[in-house]
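Undergrad: This is the structure I want to talk about, given as C-alpha cells.
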Amino acid sequence: MDSRIKDLQKEIERLMEERSDREKALPAHSLRPHQWQVIEELEEEIIKKQQELEALRAEAKPPADR
C-alpha cells in the first residue's frame with residue numbers, strides 16, 4: 001500500500017506541474033476553448049487522485065487507541 005501511496009503522490013505532482021505549465025502557456029488573448037478544457041480535465045484528474053490518496057491513507061492509518 002505504501003508503494004501505491006507514493007505512486008499517487010508522484011502522479012499528483014506530475015499532473016499539477018502539467019497543469020501549471022499549461023496555464024503559463026495560455027495566451028493573454030484569443031483563448032481557445034480546448035485549451036481551457038485540457039486544464040479542467042487535469043483539475044478533475046488531480047481531484048480524483050487526491051481523493052484516492054486520502055482513502056488509501058485512511059485505510060493505512062491504525063485505529064486510534066481508546
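We did not get these values from a lab; they are worked out from the coordinates using the rules stated. Not measured: the values here are computed from a predicted model. A quick note on method: Cβ atoms are made from the backbone with ideal geometry, for glycine too, and the neighbour counts reach across all protein chains shown.
Undergrad: Roughly how big is the chain's charge dipole about its Cα centre, with Cβ charges of +1 (Lys, Arg) and -1 (Asp, Glu), in debye to the nearest 20?
TA: Charge dipole, the chain, about its Cα centre: 100 debye, nearest 20.
Undergrad: Along the charge dipole of region 25-66, Cβ charges K/R +1 and D/E -1, which of Pro27, Val38, Pro62 sits furthest on the positive end?
TA: Going by the charge dipole, the pick is Pro62.
Undergrad: Over the chain, what per residue volume does the convex hull of the Cα atoms give, in whole Å³? If you can, show how the numbers build up before the last one.
TA: Details: hull volume 5.7 nm³, N = 66.
Dividing the Cα hull volume of the chain by its residue count gives 86 Å³.
Undergrad: For the chain, please report how many Lys pairs fall under 16 Å Cα to Cα, leaving out neighbours fewer than 8 apart on the same chain. Intermediate results must be reported in sequence, preceding the final value.
TA: Numbers: Lys6/Lys48; Lys6/Lys49; Lys6/Lys61; Lys10/Lys48; Lys10/Lys49.
Lysine pairs meeting both conditions in the chain amount to 5.
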